[in-house]
Amino acid sequence: MIWDIVDWYRSAILLTRDLDMEAEAIAYARLGKLYDQVLKLKVQAKQYYTQALSLAESMHPRTFNDCAAVKKYQEETVQHEQEKEEKDKEKYKEELKEEFEELKVRERRFPPKNPEHTLPKEIDSTDKQAFKKLLQTSVVHYHPDRSDPEKNGMKWKVLSEQITKYLTNRYEAIKLLE
């Protein structure tokens, strides 16, 4: 019985192709939902959801109402990619544990990789505005999005993430004191 429904949706896709894009997108989305929720075949569901989404995007001014399942699948995919990235970073975090501890003690040990990013050697510790500005520029210099993993290595990217977190926390603490 389920395979009859699959055949009906496939014939609907063939009959509506190039004639009614909305009906075709709905058929793709429902076929993806069938594969996802009933047959539990995620790979095929992804293919149908992707096709439905591309058709929905091509009908831009009009809206596509059957996007909830597609968006759910996209969120799952993004979450899976983020978990994979975090898992890859864990080994670098373990290697850099000593540097993270040293970062809390000495901030000058890790100069930015870009030679254009230079920080002043001395700063007046009583001038809060200048110190806040220094922290802001430091966050910009060390931001992980500005770090190229192919050029500087993934180890530097993980370290720059930690430096950025540390500098941001310092900046937030100074803002709270004002």
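Computed from backbone phi with θ = phi - 60° and the Karplus coefficients 6.51, -1.76 and 1.60, the 3J(HN,Hα) list for segment 17-24 is 4, 6, 10, 9, 5, 5, 5, 5 Hz; x is used for glycine and proline. Counting neighbouring Cβ atoms within 10 Å and putting the fewest first, the residues I13, I2 line up as I2, I13. Report, in listed order, any pair from K89/K132; K97/K128; K97/K165; K46/K89; K42/K93 with a Cα-Cα distance greater than 21 Å. Going by Cα-Cα distance, K89/K132; K97/K128; K46/K89; K42/K93 fall outside the 21 Å limit.
Averaged over residues, the count of other Cβ atoms within 10 Å places the peptides 86-93, 165-172, 42-49 in the sequence 42-49, 165-172, 86-93, highest first. In sequence order, segment 136-142 has phi-based couplings of 4, 5, 5, 4, 5, 5, 9 Hz under the Karplus curve 6.51 cos²θ - 1.76 cosθ + 1.60, θ = phi - 60°, and Gly or Pro positions carry x.
Only the coordinates and a few stated rules stand behind these numbers; no lab work does. Just so it is clear, the model here is predicted, and its values are computed rather than measured. For neighbour counting, all protein chains shown are included, and Cβ atoms are generated from backbone atoms with ideal geometry for every residue, glycine included.
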